[in-house]
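In what follows, a structure is listed as structure tokens, so that the remarks can point back to it.
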Amino acid sequence: MADSTQEKTEQATQTKLEEASGQGQVPYSKELVAALLFFVVLLALRFTGEAMAAGFHGLLKRAFSLEDYKRVAADGLGSLVEVNTNAYLDIAMPLLATIFVVAALGGFLQIGFTIDPKRLQLRWEKLNPISGMKRLVSLRSVFTVGLSMLKMLVVGSIVYVTLKDLIPRARNIGDSGIDSIVALFTETVFTIGLRVAAVLLFLGLLDLMWQRWRHGKDLMMTKEDVKEDRKRGEGDPRVKGRIRQIQREVARARMMHDVKNASVVIRNPVHYAVALKYEPGQDHAPKVLAKGRNLIALRIIDIAQGNGVPIRTDPPLARQLYRAVKVGRTVPEELFQAVAKVIAWVYSKTKAKGPRTSATSSEAVNE
């Protein structure tokens with residue numbers, strides 16, 4: 001277990017980041033999403049406000065007329081509810097759909113598309129009042145309060161400056177018609193809203209950068225934590241060593257099994273042994289089926305003798321083949337001539353003695 005007194009100086013590993021994401025710890029700025037929503041809603045009202053106002057005007061006009069009463073008398077109250085519900089949906093649905101899309105897009109751009117059931121689980125530590133008090137006096141809470149106060153100050157300043165600039169225009173507005181008053185009011189609201197939205201977007205970006213910096217700071221790890229995390233990712237060295245040992249044993253058993261199918265075994269005389277396979281018309285070059293030193297070499301020789309495989313003593317060639325060719329690979333061109341002499345020797349012995357058997361194999365040894 002890592003020493004808790006060590007200083008956390010290392011960046012979080014990918015495994016640590018994924019674990020934190022699964023627990024809902026992600027750098028997410030609510031301020032930025034709120035600013036995006038405010039800006040988009042402001043634009044939507046600017047360009048669709050007249051259509052929405054016309055829709056609500058039609059609803060009010062119908063409500064104060066006898067049309068609704070006639071509908072209720074003819075088709076019942078349910079018909080009136082259905083008509084009004086559809087009308088409200090037609091008016092508000094574009095704006096509601098826009099809000100939903102922007103909120104989803106704001107979250108997706110920050111943390112991507114992630115769904116983890118662990119985030120929906122109730123965590124009792126969140127209800128701990130002591131932990132709650134610690135969160136209240138944390139650096140994160142101080143930053144949040146400071147950002148809120150800054151927003152109030154900025155919004156108030158924007159409203160003051162904007163209204164101050166529009167006061168001269170509003171002095172003589174009483175002599176104008178209702179359309180001029182509505183136009184001035186709309187322009188003022190939109191101007192204030194647009195300026196506030198720009199500031200909120202800027203503060204939201206600052207908040208996002210802060211959240212990402214704070215997230216990385218919270219997940220910092222000690223050097224020992226990084227080592228243990230790497231061990232978990234790569235696996236226990238002892239287990240990995242055991243797996244490699246088993247793989248070597250399996251490969252060696254398969255190699256020994258292939259010796260009985262070899263065309264010839266070249267040895268030196270007990271230190272090296274290399275089993276070659278060559279079928280004229282099928283193989284373009286001899287292939288190494290097995291090779292070994294010392295005890296493994298003796299085992300290869302023993303299997304070859306038991307299965308009637310010709311054995312040729314050629315120390316220089318045995319050492320070259322052992323060092324230059326891996327099991328399963330073909331003999332390189334520079335050794336073709338030396339190996340060809342051995343293959344020719346094998347065929348000459350095969351023709352002289354007939355098909356090889358275990359009884360005749362000892363007669364071919366050390367030729």
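The values are calculated or read from the model by the stated rules, or taken from the named source; none is laboratory data. Treat the numbers as computed from the prediction; the structure is a model and nothing was measured. Cβ coordinates were reconstructed from backbone atoms using ideal geometry, including for glycine residues, and neighbour counts include every protein chain displayed.
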Worksheet item: Does Gly308 meet the test of being small (Gly, Ala, Ser) and without any contact (Cβ under 8 Å) to a residue 12 or more places away in the chain?
Response: no
Item to complete: Only residues that are within 20 Å of Lys260 (Cβ to Cβ) and of a type outside the set (Val, Ile, Thr): list them for the range 299-321, please.
Response: Arg299, Asp302, Ala304, Gln305, Gly306, Asn307, Gly308, Pro310, Arg312, Ala318, Leu321
Fill in: In the range 196-215, the residues that are modelled with pLDDT of 80 or more and either within 28 Å of the chain's Cα centre (by Cα) or assigned to a loop (DSSP other than H, G, I, E, B) (or both)
Gly204, Leu205, Leu206, Asp207, Leu208, Met209, Trp210, Gln211, Arg212, Trp213, Arg214
Practice prompt. Could you give me the residue pairs with C-beta distances under 7 Å whose first residue belongs to the range 81-94 and is charged (D, E, K, R), whose second residue is surrounded by 12 or more Cβ atoms within 10 Å (Cβ to Cβ) wherever it lies, and which are 6+ apart or on separate chains?
Written response: Asp90/Gly55
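Would you pick out the residues in the range 145-184 that are assigned to a helix (DSSP H, G or I), polar (S, T, N, Q) and modelled with pLDDT under 75?
Within the range 145-184, Ser180 is the sole residue that qualifies.
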Worksheet entry | Pair list, Cβ < 7 Å and 6+ apart or interchain, from the range 201-217 residues that are hydrophobic (A, V, I, L, M, F, W, C) to residues that are not in a helix (DSSP H, G or I) | Leu208/Ser29
Item to complete: Using the structure shown, decide if Ile311 is within 52 Å of the chain's Cα centre (by Cα) and surrounded by 13 or more Cβ atoms within 10 Å (Cβ to Cβ).
Response: no
Response to the item:
Taking the range 1-39 and keeping residues part of a helix (DSSP H, G or I), modelled with pLDDT of 70 or more and among the hydroxyl-bearing types (Ser, Thr, Tyr) leaves Thr15
Practice prompt. Determine whether Ala251 is over 29 Å from Phe143 (Cα atoms), surrounded by fewer than 13 Cβ atoms within 10 Å (Cβ to Cβ), out of contact with any Cys (no Cβ under 7 Å at 6 or more places or on another chain) and at pLDDT 80 or above.
Written response: yes
